[in-house]
Amino acid sequence: MDIAEILSYGFMQRALLAGSLIAVLCAVLGCFLVLRRLSLIGDGLAHVTFGSVALALLLKFYAASALFVSLPVVMLCSLGILKLTERARVTGDAAIGIVSSLGIAIGVILASLGGGFTADLFSYLFGNILAISRAEVLLAVVLCATVLLLVTFFYHELVAITFNEELARISGIRTGRISSLLVLLTALTVVLAMKLVGIMLISALLILPSSAALQLARGFRTTLLLAALLGVIAVIGGTFASVMLNIPTGATIVLLNFMIFGLACFGKRLLAQE
Amino acid sequence: MPPVIDVKGLYCRYGATHVLSDITFRVEDGDYVGIVGPNGSGKSTLVRALLGLSSRDEGEIGLFGVPLSEFEDWQQIGYLPQHFNLFTSNFPATVTEVVRLGLLSGKRFPRRISRADTARIDDILEYMGVQDLRRRRIGQLSGGQQQRVLLARAMVNQPRLLILDEPTAALDPETRDRFYSLLAEVNRERNTTILLVTHDSATIGSCASKLLYLDKRLVFYGTFREFCVSSAMTNHFGELAQHQICRLH
């Protein structure tokens with residue numbers, strides 16, 4: 001199967017477009033999250049999404065309408081993580097762990113109470129990038145545009161709180177609001193993109209491209225752009241490779257992301273020696 | 001002209017432990033005040049309370065004649081916190097980007113950086129002698145270079161008050177002396193009021209116009225000369241220690 005033939009399939013075009021858009025916004029958010037030591041928040045919120053989808057299905061909200069339950073629950077939990085770190089003096093990773101384990105425990109209990117909807121529930125957990133519909137591509141476009149617009153609008157504030165939150169406060173920045181914005185955008189991304197690409201890929205796209213870009217880039221804007229580029233390369237390359245080799249797409253994208261990260265670490269060492 | 005800092009009857013505590021009790025002092029325009037005292041004496045707590053970063057239990061704090069709770073003119077204040085853990089070592093911002101963050105306090109949303117701002121960044125980098133580092137990542141610089149960049153960040157808005165919390169703790173003696181000279185120059189040439197927290201009572205004595213000695217309460221506040229003849233300090237240090245500190249100058 002050659003590249004032109006692969007590209008001629010509608011499902012491939014949709015997978016590449018939606019996957020690339022999600023890769024861009026995950027990479028951009030990931031840079032802020034990794035530097036703020038909240039990189040596992042994507043994983044944590046994905047577990048909460050599992051619980052919230054179980055709740056939605058139990059309340060008879062099926063398919064897309066599950067989002068009406070899932071979105072507010074996950075957004076509230078993302079703010080909960082933030083409040084735990086601020087008020088209860090719990091570190092970021094511990095706060096994510098607390099909310100994440102609670103989310104998955106509630107999900108498992110609700111799934112057991114609900115009985116017959118486990119297949120629906122697990123489709124949220126693992127997603128399938130090759131099964132993305134036209135409506136879901138549109139959703140990815142709207143999501144990507146919204147998140148990137150907000151990040152552009154609050155760019156200086158986001159960089160300031162990422163550098164040092166106290167210094168940002170003394171600069172008159174309402175740090176609580178900007179931190180809330182960051183975790184809410186992450187929650188929105190996780191809930192909407194998880195159905196498309198699955199829990200494993202969301203986490204990988206938030207952490208790996210940004211971590212690779214942080215090895216190489218000089219300057220914050222350059223880091224964001226490089227992370228987005230590396231994320232897109234991994235999605236496109238991984239999708240093609242998975243179709244050609246007939247292996248799972250999400251896992252292939254994660255592996256390619258990891259290889260890029262490895263190369264970036266190696267490149268950093270080379271640059272340091274020069 | 002109202003005092004730059006006006007503190008009256010300040011009490012702070014963490015849980016049940018009193019960290020600061022009954023602190024009252026004023027800092028006037030152009031003063032260079034060294035805040036000294038042993039570990040755990042409340043120096044950093046005082047600075048953080050002045051900036052509204054930690055809560056106070058009792059007392060009043062005024063900045064430029066405005067109560068702290070109503071103070072919004074943050075561009076008048078440059079702050080350099082303790083360097084340890086200030087930012088993650090892989091933070092990708094360049095020196096220029098870090099200094100640019102210092103301009104945000106003078107701007108309202110949406111905060112945009114103009115060409116005039118860029119010129120101000122260039123000027124302050126040159127003044128600090130770090131213009132050649134502008135494209136380097138902040139995490140790649142040595143401790144002394146980072147400290148100069150962070151001071152440039154604190155000063156880029158030309159603040160009237162500069163607050164520094166143990167800025168020389170991680171520096172070697174030579175770099176530390178150069179840093180103190182730079183601060184003295186800023187105080188002299190720009191009439192910037194400086195509040196500097198340090199462990200080093202002897203060195204700061206030669207730079208600062210006033211010393212504030214804390215030990216959970218205000219033990220002494222006055223000039224270095226007054227410090228050397230203060231009976232409060234003699235009682236606190238003992239005559240020999242006081243003599244040894246003052247003999248250096």
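The values are calculated or read from the model by the stated rules, or taken from the named source; none is laboratory data. Just so it is clear, the structure is predicted and the values come from calculations on it, not from any experiment. Because the Cβ atoms are built from the backbone with ideal geometry, glycine has one as well, and the counts that use them run over all protein chains shown. These area figures cover heavy atoms from the full protein model, side chains too; ligands, DNA and RNA do not enter into them. Shrake-Rupley method; radii C 1.70, N 1.55, O 1.52, S 1.80 Å.
Observations on the structure shown:
- The translational diffusion coefficient of segment A:127-235, from Stokes-Einstein at 4 °C and 1.567 mPa s with a Kirkwood hydrodynamic radius over alpha carbon pairs, comes to 85 µm²/s.
- 10 Å Cβ neighbours from other chains, averaged over peptide A:217-224: 5
- Helix runs (DSSP H) in chain A reaching 20 Å along axis by Cα, Kyte-Doolittle at least -0.5: A:10-35, A:41-58, A:67-87, A:92-114, A:134-153, A:175-216, A:220-245, A:249-273
- Once the Cα atoms are used to define both axes, helix B:173-190 deviates from the longest principal axis of chain B by about 80 degrees.
- Cα-based helix-to-principal-axis angle, B:115-127 vs chain B, degrees rounded to 10: 50
- Judged by the gyration tensor of its Cα atoms, with axes a ≥ b ≥ c, segment A:3-265 is oblate; a/c meets the 1.5 cut and b/c is at least as large as a/b.
- Dipole magnitude for the protein assembly as shown: computed about the Cα centre from +1 point charges on Lys and Arg Cβ and -1 point charges on Asp and Glu Cβ, it is near 600 debye.
- Net charge, A:Phe11 excluded, C-beta distance under 14 Å - Lys, Arg +1, Asp, Glu -1: 0
- Cut-off 17 Å (backbone N to label point 7 Å along Cα→Cβ of A:Glu86), residues of segment A:168-207: A:168-187
- Just checking the listed ones, B:Phe71, B:Phe227, B:Phe87: in the Gaussian network model of chain B with Cα springs under 10 Å, the one fluctuating most is B:Phe87.
- Separation in nanometres of the label points that stand 7 Å from Cα toward Cβ, at A:Arg221 and A:Arg37: 3.0
- The largest accessible area among B:Arg137, B:Arg108 belongs to the first residue in B:Arg108, B:Arg137, and the rest follow in falling order (1.4 Å probe, all chains).
- Cα Rg, Dmax, segment B:146-233, angstrom units: 13.6, 41
- Under 13 Å, Cβ to Cβ, from B:Asp215 - net charge with Lys/Arg +1 and Asp/Glu -1: +2
- Distance between the modelled labels on A:Met244 and A:Phe258, one decimal in nanometres: 2.0 nm (7 Å Cα→Cβ projection).
- Partnerless cysteines in chain B, where a partner means another cysteine C-beta under 4.7 angstrom, comprise B:Cys12, B:Cys207.
- Remark on segment B:5-247: ratio of C-alpha radius of gyration to 2.2 N^0.38 Å is 1.03.
- Across chain B, the relative contact order, built from alpha-carbon pairs under 8 Å that are at least six residues apart, equals 27 percent.
- Projected area, mean over directions - the protein assembly as shown, Cα convex hull, nm²: 28.5
- Largest mean-square fluctuation among B:Leu50, B:Leu150, B:Leu141, in a Gaussian network model of chain B whose springs join Cα atoms under 10 Å apart, belongs to B:Leu141.
- If R0 is 25 Å, the Cβ-Cβ spacing of B:Leu141 and A:Tyr155 corresponds to a FRET efficiency of close to 0.60.
- Ordering A:Val34, A:Leu255, A:Thr189 by the projection of their Cα atoms onto the charge dipole of chain A, which places +1 on the Cβ of Lys and Arg and -1 on the Cβ of Asp and Glu, puts A:Val34 at the extreme positive end.
- For chain B, the longest principal axis of the C-alpha atoms and the axis of helix B:143-155 are separated by about 90°.
- Neighbours of A:Leu196 by Cβ distance under 13 Å: Lys/Arg scored +1, Asp/Glu scored -1, total +2.
- Comparing Cα centroids, segment B:137-184 and segment A:199-230 end up 31 angstrom apart.
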